[in-house]
Ligand code: GAP
């Protein structure tokens, strides 16, 4: 499996994801989506919305405000329960999640990760820099007296596993204290008189507090669900692993309301559907698994919870949580707001509080998993080819139109014109900044599923008395196969190819085309 550094470097080099405020030294754990990244993340969110809202009769959408009445968080339990225990090193000033220090003392994953990193090629070249990079990617700063900085052989001995010693410098750790994970801000021009509000830590509560509005407006019958995509904020103690855990991130959440008693079956249906969704868009099944939460780890609101996990380079980790929240939230908001959030059951002729099934996914985390799973390296004619085998619907660019010779005006004009036509239906780019072999590799590396090449035969060569064949070469990213397609048939062919029908289309056209694989 590819390591995270390779993905981070590809993302920066090709404009998927940049470090936030990089010219000022960067802001830990915040990331900016570049020209390709913004397209791909939109694709993730749009596919999620299309499959979960537009293609279902029982779902509607919502876009609630990020800031909400402070009482929302009292009712939801976030004001009192949304905390991780943290501990600080009194010697080097680093903070840790107390549970992660406990892990570290059992021969932790991250100590093993540091060791592996230092023993690898980057560490052997420049251990100090390698370690600093590792720590930065993992959202940590290294203590200057970290023994691994000067002597990588000592990295393996990090760090004295007493119950209260710092995993980095061996210093003394304070007793664990709870840290509320909600970020605060003030609404109003004067801080002293403004209202203190929280930046929402989940999109879910916006749905619960609008339950009655949505019911009145849509007249939906149970079971039905409400979907929302938007930013959430958490003051995570240890953000890290690139976009896996950040303090600002996008969630894609569904609250699916159903009759009590039907909840368990519906929960299972959602668990299976959400697992299948990731596989449908290309994640290999062997890299996905379901994990049932133990009774001791269930959130305060959950009757049952199952995570879809992905085999990330740092190990199996949560991609999405699917919880049965029972009637906790609607009852809490009824109690705190004084407004009954119930549903009138026509059959039973009584008001009931629906149960809620909540598939809660992260757009950033899903995109990271799709990128990692799509990454492949292979050898073609003695050279390394990097290819992102992204599902065409996830790929940021669908078609690249490339001129074989940029000196031939007719070729460039035809290619640009074709690109403009194709752009009306698919995200398409024109590129003439290198030789064709290099142009293909560039598109492979960012996952563009198809290249269309305009060459001499397409436009003809009057000087050599060669007539135009009015055809272009269409090249498939994954197999590198090429076929010769009449320009007039290109839109129809492209529609089939985007639907994954290369094997049906290719035999209808002559193979071969524009030389380089
Ligand atoms: N409403 C339930 C809820 O928020 P969660 O498991 O805390 O549940 C749901 O979050 C999803 O949101 C996670 O599975 C993950 O994909 C994403 N997520 C949560 N915290 C995140 C963070 N700090 N950075 C990036 N994504 C995060």
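Summary of values
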| read-out | value |
| --- | --- |
| Residue list for segment 374-403, restricted to those being buried (at least 24 other Cβ atoms within 10 Å of the Cβ) and either part of a strand (DSSP E or B) or touching a strand residue (DSSP E or B) at 6+ places or on another chain (Cβ under 9 Å) (or both) | 388, 395, 399, 400, 401, 402, 403 |
| Single residue of 289, 284, 259 found to be closer than 23 Å to residue 62 by Cβ and modelled with pLDDT of 95 or more | 259 |
| Any chance residue 269 is at pLDDT 95 or above and either within 11 Å of the ligand (Cβ to nearest atom) or under 19 Å from the mean Cα position of the chain (by Cα) (or both) | no |
| Condition check for residue 284: more than 16 Å from the ligand (Cβ to nearest atom) and either closer than 30 Å to residue 8 by Cβ or in contact with a helix residue (DSSP H, G or I) (Cβ under 9 Å, 6 or more places away or on another chain) (or both) | yes |
| Residue in segment 348-357 that is assigned to a helix (DSSP H, G or I), surrounded by fewer than 19 Cβ atoms within 10 Å (Cβ to Cβ) and more than 13 Å from the ligand (Cβ to nearest atom) present | no |
| Condition met for residue 263 (touching a strand residue (DSSP E or B) at 6+ places or on another chain (Cβ under 7 Å) and more than 10 Å from the ligand (Cβ to nearest atom)) | yes |
| Spans of strands (runs of 3 or more DSSP E) in segment 1-96 with at least 1 residues crowded, with 20+ Cβ neighbours inside 10 Å | 17-19, 31-33, 83-88 |
| Residue 395 being within 16 Å of the ligand (Cβ to nearest atom), within 15 Å of the chain's Cα centre (by Cα) and under 30 Å from residue 233 (Cα atoms) | no |
| Residues of segment 294-330 that turn out to be out of contact with any helix residue (DSSP H, G or I) (no Cβ under 7 Å at 6 or more places or on another chain), within 13 Å of the ligand (Cβ to nearest atom) and closer than 22 Å to residue 258 by Cα, as a count | 9 |
| Single condition residue 412 does not satisfy, out of (1) surrounded by 15 or more Cβ atoms within 10 Å (Cβ to Cβ); (2) in contact with a helix residue (DSSP H, G or I) (Cβ under 9 Å, 6 or more places away or on another chain); (3) part of a helix (DSSP H, G or I) | (2) |
| Residue in segment 418-434 that is closer than 20 Å to residue 383 by Cα and surrounded by 15 or more Cβ atoms within 10 Å (Cβ to Cβ) present | no |
| Single unsatisfied condition, residue 271 versus (1) part of a helix (DSSP H, G or I); (2) more than 30 Å from residue 7 (Cα to Cα) | (2) |
| Residue pairs meeting the criteria (Cβ under 7 Å; at least 6 apart or on separate chains; first in contact (Cβ under 8 Å) with a residue 24 or more places away in the chain, in segment 289-317; second loosely packed, with under 14 Cβ neighbours inside 10 Å and in a strand (DSSP E or B)) | 306/290; 306/292; 308/290 |
| Helices (runs of 4 or more DSSP H) within segment 424-517 that include 3 or more residues over 22 Å from residue 410 (Cβ atoms) and without any contact (Cβ under 8 Å) to a residue 40 or more places away in the chain | 490-498, 502-505 |
| Close pairs (7 angstrom Cβ cut-off, 6 or more residues apart or separate chains): in a loop (DSSP other than H, G, I, E, B) in segment 172-183, crowded, with 17+ Cβ neighbours inside 10 Å and at pLDDT below 75 anywhere | 176/86; 176/98; 181/82; 181/84; 182/82 |
| Selected residue (criterion: nearest to residue 274 (Cα to Cα)) from residues of segment 291-314 that are in a strand (DSSP E or B) and out of contact with any strand residue (DSSP E or B) (no Cβ under 6 Å at 6 or more places or on another chain) | 311 |
| Selection status of residue 375, farther than 22 Å from residue 309 by Cβ and either in contact with a helix residue (DSSP H, G or I) (Cβ under 8 Å, 6 or more places away or on another chain) or within 15 Å of the ligand (Cβ to nearest atom) (or both) | no |
| So residue 455, is it within 29 Å of residue 384 (Cα to Cα) and over 37 Å from the mean Cα position of the chain (by Cα) | yes |
| Single residue of 34, 15 found to be over 29 Å from residue 272 (Cβ atoms) and either touching a strand residue (DSSP E or B) at 6+ places or on another chain (Cβ under 6 Å) or modelled with pLDDT under 95 (or both) | 34 |
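The values are calculated or read from the model by the stated rules, or taken from the named source; none is laboratory data. Bear in mind that the values here come from a model prediction, so they are computed numbers and not experimental data. Counting neighbours? That spans all protein chains shown, and the Cβs are built from the backbone with ideal geometry, glycine included.
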